[in-house]
1. Which order do the peptides 203-215, 249-261 come out in when sorted by mean C-beta neighbours inside 10 angstrom, highest first?
2. Where does the charge balance sit around Phe413 when Lys and Arg score +1, Asp and Glu -1, over other residues with C-beta under 14 Å from its C-beta?
3. Can you tell me how much longer the chain between Lys152 and Leu199 gets when fully stretched, taken as 0.36 nm per residue apart minus their C-alpha distance, in nm with one decimal?
4. Could you work out the per residue convex hull volume over the alpha carbons of segment 335-456, in cubic angstrom?
5. Give me the net charge of Asp143's neighbourhood, meaning all other residues with Cβ under 12 Å from the Cβ of Asp143; Lys, Arg count +1, Asp, Glu -1.
6. Would you kindly calculate the mean projected area, averaged across all directions, of the convex hull enclosing the Cα atoms of segment 80-222, in square nanometres?
7. Write down Rg/Rh for segment 275-386, rounded to two decimals, with Rg from the C-alpha atoms and Rh from the Kirkwood relation over Cα pairs.
8. Over all directions, how big on average is the projection of the convex hull of the alpha-carbon atoms in segment 171-211, in square nanometres?
Amino acid sequence: MAPVKPSARQFSACFRCVRGDASFNGAPRRFLSSSAAREELQTTSSTSPPPPPSSTPVDAAKDAAAPKETPEYMKQWGDLDPNAVELKRDERRLIRREGIQPIGSRRRRAIIARDSAAKAEQIPFEQLPYQCFQEARKVLLADREGKLKDIKTQITRIENLKAQDPAVSGGEAKKATRLRSMQNHLNDLIVLADINDPLVKKKFEDGEGDMNKPIYRYLADQKWRKWKRLVLEQRIEQFNLVPDLLPALDPIADVDLAFGRKNIPIGDFVDSAISENPPRLNVQTFERGQKLVTVVVVDADVPVPEKDSLTYRCHFIASNIPIAPDQTSIALSRIQQQSRKTENVDEQQVALSWSPPWAHKGAPYHRLAIFVLEQKDAKALNISEIKNEKRDGFILRSFVDRKQLKPIGVTLFRTKWDESMEGVMQRNGLEKEVDVQFKRKKIEPLPYKRRTERMR
């Protein structure tokens, strides 16, 4: 049996007597007090099932028609209960085979597994028979009642200020400033009323929180900023997205990228056969209300051999895409198909269809940046004007300024020459570029550094 940490020592004796139970697969137990591994295993979307993987449209149609069967080696993993898995290996297997996230932390799942093995009665979370827990809940409920009274008072003050004459408030500008300040304070009170509620934290940890409520948006925003946003900022600086593509960037939305069922970490290499089809984005916003966004995909490393420099190429533009805290999925392939079926240009969303990323043989890798741009005042853009944008030499900062867009999120993947690149280029009308190969230019040494026969 694996060594047990002191934090879960009290559970070790219970598991010794059920070591041979079939539900535990005879595996050694490890109890961890942290749920960091679960955070690393988060999938891109929990609201809609991801589309099947495909390298070509024909393969995608075949995969969609054929039912998915569980491979034989996956059946040998046994029963995986999302309420009781504790090992990292079982968590990965559960997500891979069933597509289900394990609930809560490993310590909590260990307790549930212990109770189910002992056939103990399941007690609701809010009725746990611990005196300290119940007394703490009474204190939290009293604090919440006080916050609710403050909320009612603040709402009354805001209504009185709205009805007040602007001359009494010092003018329209000062009145608007006071209203904005009071509304921000009201939003803070609404969050503070539920921030300490153990049931709220339990639902959020289990992925059952309603993102239409301010408290769950706040908790999700804080969780994102503690880890994923820090990694995103590092990648933005590491790959020089600022200032190569935009002069400044302050991401406020979580953007996840996936090709088919394969989730792509930011900055990872993607095989050209996979990136031939449009990806799927999961854009999680943390602000109330619906937004209209524009998605732009730009290649920042297009070589220009004649000038010995680099330029830009636009691979995709789609506008007027609605997103909300509970509406996060953006399937670019589905949007592109719908736009092709729509005859009215004003109702279309895709201005420039998906162009598969490609790179010459011998050339360095290309950075493919995917930007999510918020449209001003949620106003729809004119698709017919955007269709006139040129792919080659596309300047993103100019496009953002002309259309009054605000960057709220970004993700990135890289591509380079691989064994599938030649086929991708031929299928997309780039036969002339297949034979182009880049080689390092040999630099002749200075005369005084050349090795002559006499020196040898």
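1. So the peptides 203-215, 249-261, ranked by packing, come out 249-261, 203-215.
2. Computed value for this residue: -1.
3. Going from the current span to full extension adds 14.6 nm.
4. 204
5. Here the charged neighbours net out to +1.
6. Mean orientational projected area (segment 80-222, Cα hull): 11.9 nm².
7. Looking at segment 275-386, the ratio lands at 1.02.
8. That works out to 3.4 nm², a quarter of the Cα hull's surface.
The values are calculated or read from the model by the stated rules, or taken from the named source; none is laboratory data. Everything numeric here is computed off the predicted structure, so don't read it as measured data. Virtual Cβ from ideal backbone geometry, glycine too; neighbours counted across all protein chains shown. Each accessible area value is taken on the protein alone, full model and side chains, heavy atoms only, with ligands, DNA and RNA left out. Shrake-Rupley method; radii C 1.70, N 1.55, O 1.52, S 1.80 Å.
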